Protein chains: 4
Amino acid sequence: MSKTPEALLAWGREVLASQPFSVLLGAELHALSRGQAELHLPMSPKLLQQHGFAHGGVVSYLADNALTYAGGAAMQVPVVTAEFKINYTRPAIGERLIARAKAMHVGSSQSVCTCEVFVVKEGVEKLCAVAQGTIARLPDAPQPRASQEAP
Amino acid sequence: MSKTPEALLAWGREVLASQPFSVLLGAELHALSRGQAELHLPMSPKLLQQHGFAHGGVVSYLADNALTYAGGAAMQVPVVTAEFKINYTRPAIGERLIARAKAMHVGSSQSVCTCEVFVVKEGVEKLCAVAQGTIARLPDAPQPRASQEAP
Amino acid sequence: MSKTPEALLAWGREVLASQPFSVLLGAELHALSRGQAELHLPMSPKLLQQHGFAHGGVVSYLADNALTYAGGAAMQVPVVTAEFKINYTRPAIGERLIARAKAMHVGSSQSVCTCEVFVVKEGVEKLCAVAQGTIARLPDAPQPRASQEAP
Amino acid sequence: MSKTPEALLAWGREVLASQPFSVLLGAELHALSRGQAELHLPMSPKLLQQHGFAHGGVVSYLADNALTYAGGAAMQVPVVTAEFKINYTRPAIGERLIARAKAMHVGSSQSVCTCEVFVVKEGVEKLCAVAQGTIARLPDAPQPRASQEAP
C-alpha cells in the first residue's frame, strides 16, 4: 500500500534526520511525491571551497540525495544510488541551493532519475548543475511492498 | 616552470586547507604528482548515512576532489571539475577512505581523469567506487604558465 | 548573425548528409531550433543486436548526435561532443527511434545538453534511453560569430 | 562451470557474428577472458563524420560493446549495458580503433567496467576515448550458471 503525500514527506524527513552527514550539511526536504523530490541546502561558510563558491562536493551531495529520494519515492522500497553523473554549469554563489529530481523511468529493481540544481541569489534561481543517475533497490530488500526505511 | 614534487604537495595541502568544506570533512592529501593524486578521509560518525555507511555524498566528494587534484597537478593551472560520473561498487564501511586519481589525457584547456575509491577496513583496502570526469582550466586563467592557486 | 529557423534546419540536414556514418544508419533531422533538436532513425534489420532489439550503439549514436545538434544550434559555432552519459531504460523494439535533445546551459565555450530517446511501436512512443553530455566548441573555431559548418 | 579461454573467445565471436549492427560496422573480437575484452574496428569511409574522423557514435559503439563483453565474460550470464559514460579525448583519425575493457567490480547482478579506446595511426596507438559503465544481468536470466547466449 502506498503512502499518502503527507506520510511520504514525513517519512522522507525522518530518513534525512537519521543521516548524520545530511544533518551536518543542513539539508532540508521541501517536497516529496511519487517520483519527485526537492531538497534545499542553505549556504554557510563551512560548505565553501577556496574561491568562495559552494564546494563541488556539496552540490553533488545534494544532487545525489535528491536523485535517491525521487527514485525511492517512486519505487517505495529501500534504495541506494548505484551511480550518477553531474555537470556543473555555473559557480554556486548564493544563499541557498535547491535540487529538484524526478524519476524518468521506474522499474522493479531500479529507476533512472534526473536532477537540476539551482543556486538562489537575491531571490533569483540559476541553474548550477544537472545530474542523472540510477537508483537501485537494496539487494536484500523485500519485493513489492513499501518499506519503513527507504530510501 | 613546473614545481618540484615537494613544492607540488605542499601547495596542494595549502589549497586543501583553504577549502572550508574539505576541512569540515577532514580530508588529507597524501600524495600529489604530475597527473596523480591520493586523498584520504578518516571515517567519523558525522560522515555516515542512516545505514551506518559513509554517505554517498562523502565518497563522491572525495572522488571529485581527487579528480580535480590529478587534473590540476597535470595541467598546473587553476582548474575546476566540469563534470564527473561515479559508480558505487560496495557500501563504504571501514576506518578510512582512499581516493587515487590519475590524468588519462591532458590537453591545454582540460584533462580527463579517472579515480578509484577504496574503503580500508582492518587494514584491507576494498574498491568502493570508480569515477571519471573532466577537469577544466578556469575560463579566465592565464594561459600556459603554472599558477599559485590551482586546482 | 543567427540563422532563420528554416536556414538552421536546412543547414543541419546538410551537415547530416555529409556524415557518412549517419547516412549509413539512416538518421533524419526532423527539427532544429536554438538549443533543441529532434533526430529520427527508422529501424532496419542491420541496426539490431542478437536479441532483435536496436543495438545499444545505435541508440547511443542517436543520443550523441542529437546532443551535438542541440548544443551546436544553441551556440551556432562548430562543435563536438566532448563527453556524454546514457542510461538505457527499455529494449528498443519498434519501427522508429526518436531522440529529442535540448540545451540546459549554454556557455561561450561549451553547452550542457540532455536528451530523451523514444522507441515508437505501433504509433506509441516509449522512453528507451536518457542521456546528458557536454558539447564543446571546436578548439580552433573562430570566437563568437556563427559558422557555416557546425555542429 | 566456467568456459576455457578458447571456448570463451569462440563463444564471444559467435555472439558478435549474430549482431547485425556489429557486422555492419566490421567489429572484430581479438581477446576475451574473465573480465577483460579487446575489440577492434578497422576504419572505413562509412564510419566517418563530416570532418574525416570516426564518428563519435562509432567510438561509443565500440566502447559500449567492449564494456558489455568484459562484464559478460566476468559474470558468465546474459547481460546488457545498463548505462555508460564516455569522454572523447582526441579525434579518431587512423586505420583502426581498439577498445580494451575490464571489469573493475563484479557482483551477482551487475558489474562495473571501464574501457580505453585507442586509435591506431601508422602503427602508433593513441588514446581517443575513456568510458565507464554498468553491465547488468538480463532481468530474467537464470541465476548462477553460465549461459549460452551472453553477453
Subset tally (residues that are under 14 Å from B:LEU25 (Cα atoms), modelled with pLDDT of 95 or more and aliphatic (A, V, I, L, M)) for segment A:17-53: 4
- prompt: Going through segment C:42-83 one residue at a time, which ones are in contact with a helix residue (DSSP H, G or I) (Cβ under 8 Å, 6 or more places away or on another chain) and hydroxyl-bearing (Ser, Thr, Tyr)?
  reply: C:SER60, C:TYR61, C:THR68, C:TYR69, C:THR81
- request: With the condition kept exactly as written, say whether any residue in segment D:28-36 is within 26 Å of C:ALA82 (Cα to Cα) and crowded, with 24+ Cβ neighbours inside 10 Å.
  value: no
- prompt: Is at least one residue of segment A:50-70 surrounded by fewer than 24 Cβ atoms within 10 Å (Cβ to Cβ) and without any contact (Cβ under 8 Å) to a residue 24 or more places away in the chain?
  reply: yes
- prompt: For segment A:74-120, which residues satisfy the criterion of being within 24 Å of B:THR81 (Cβ to Cβ) and β-branched (Val, Ile, Thr)?
  reply: A:VAL80, A:THR81, A:ILE86, A:THR89, A:ILE93, A:ILE98, A:VAL112, A:THR114, A:VAL117, A:VAL119, A:VAL120
field: Enumeration of residues in segment A:66-120 that are closer than 26 Å to A:ALA7 by Cβ, out of contact with any Asp or Glu (no Cβ under 9 Å at 6 or more places or on another chain) and among the β-branched types (Val, Ile, Thr)
entry: A:THR68, A:VAL77, A:VAL79, A:VAL80, A:VAL106, A:THR114
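Considering each of A:LEU8, A:LEU39, A:LEU16 in turn, give the residue that is more than 14 Å from B:PRO20 (Cβ to Cβ), touching a helix residue (DSSP H, G or I) at 6+ places or on another chain (Cβ under 7 Å), of a type in the set (A, V, I, L, M) and part of a strand (DSSP E or B).
A:LEU39 is the lone residue from the list that is more than 14 Å from B:PRO20 (Cβ to Cβ), touching a helix residue (DSSP H, G or I) at 6+ places or on another chain (Cβ under 7 Å), of a type in the set (A, V, I, L, M) and part of a strand (DSSP E or B).
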query: What number of residues in segment D:87-109 are facing chain B (nearest Cβ under 10 Å) and either in contact with a Leu (Cβ under 7 Å, 6 or more places away or on another chain) or surrounded by fewer than 24 Cβ atoms within 10 Å (Cβ to Cβ) (or both)?
result: 6
message: Can you pull out every residue in segment B:1-33 that is more than 14 Å from chain A (Cβ to nearest Cβ) and more than 14 Å from the chain's Cα centre (by Cα)?
response: B:MET1, B:SER2, B:LYS3, B:THR4, B:PRO5, B:GLU6, B:ALA7, B:LEU8, B:ALA10
- prompt: Tell me, which residue of segment B:34-85 that is closer than 19 Å to A:HIS55 by Cα and charged (D, E, K, R) is farthest from the other protein chains (Cβ to nearest Cβ)?
  reply: B:GLU38
message: One residue is enough: does segment A:117-140 have a residue meeting the conditions out of contact with any strand residue (DSSP E or B) (no Cβ under 7 Å at 6 or more places or on another chain) and within 11 Å of another protein chain (Cβ to nearest Cβ)?
response: yes
- request: Restricting attention to segment A:1-12, report how many residues are loosely packed, with under 14 Cβ neighbours inside 10 Å and in contact (Cβ under 8 Å) with a residue 12 or more places away in the chain.
  value: 3
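The values are calculated or read from the model by the stated rules, or taken from the named source; none is laboratory data. In this text the structure is predicted, and so the values were computed from the model without any measurement. Reconstructed Cβ throughout: ideal geometry from the backbone, glycine too, with neighbour counts over all protein chains shown.
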